[in-house]
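The values are calculated or read from the model by the stated rules, or taken from the named source; none is laboratory data. Being a predicted model, the structure only gives us computed values, none of them experimental. Glycine also receives a Cβ, built like all others from the backbone with ideal geometry; neighbour counts cover every protein chain displayed. Heavy atoms of the whole protein, side chains included, go into the accessibility calculation; ligands, DNA and RNA do not. Shrake-Rupley method; radii C 1.70, N 1.55, O 1.52, S 1.80 Å.
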Amino acid sequence: MIEDALVEMGGMVQSKTRNVIRATFKSKRIGFVDDVVLVIDTNRSQIGVRSSSRLGYYDFEVNRKRVEHLRLLLSRL
């Protein structure tokens, strides 16, 4: 379910454990790779999300927009 949302957004799931999902996203123009880590806390019904660029200091808010889009997709489930 979460993995499907990540793939729908253009990501690739790299690994998955019971509580952690790691995915990567590659930019269309230059091919920069961004990492996304989701930590699932079933006891509190929460998902912690971290989306970060591997290179550079500024990403033109791509990671923030990615997390907001993921939140929107997951809220529809």
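Each label point was placed 7 Å from the Cα along the Cα-to-Cβ direction; for Ser27 and Lys65 their separation is 1.2 nm. Within the chain, the chymotrypsin sites (Phe, Trp or Tyr not before Pro) that combine a DSSP coil assignment with at most 12 other C-beta atoms in a 10 angstrom radius are Tyr57, Tyr58, Phe60.
Loop only per DSSP, at most 16 neighbouring Cβ atoms within 10 Å: give me the GluC sites (Glu not before Pro) in the chain, ordered by residue number.
Glu61
Protein heavy-atom surface of the chain, 1.4 angstrom probe: 53% of the accessible area is carbon and sulfur, with nucleic acids and ligands not counted.
Dividing the alpha-carbon radius of gyration of the chain by the rule-of-thumb value 2.2 N^0.38 Å gives 1.08.
Loop-located trypsin sites (Lys or Arg not before Pro) in the range 13-77 (DSSP state other than H, G, I, E, B) with a sparse environment of at most 15 neighbouring Cβ atoms within 10 Å: Arg18, Lys28, Arg29, Arg44, Arg54, Arg76. Per residue, the accessible area of the chain comes to 78 Å² when a 1.4 Å probe rolls over the protein heavy atoms.
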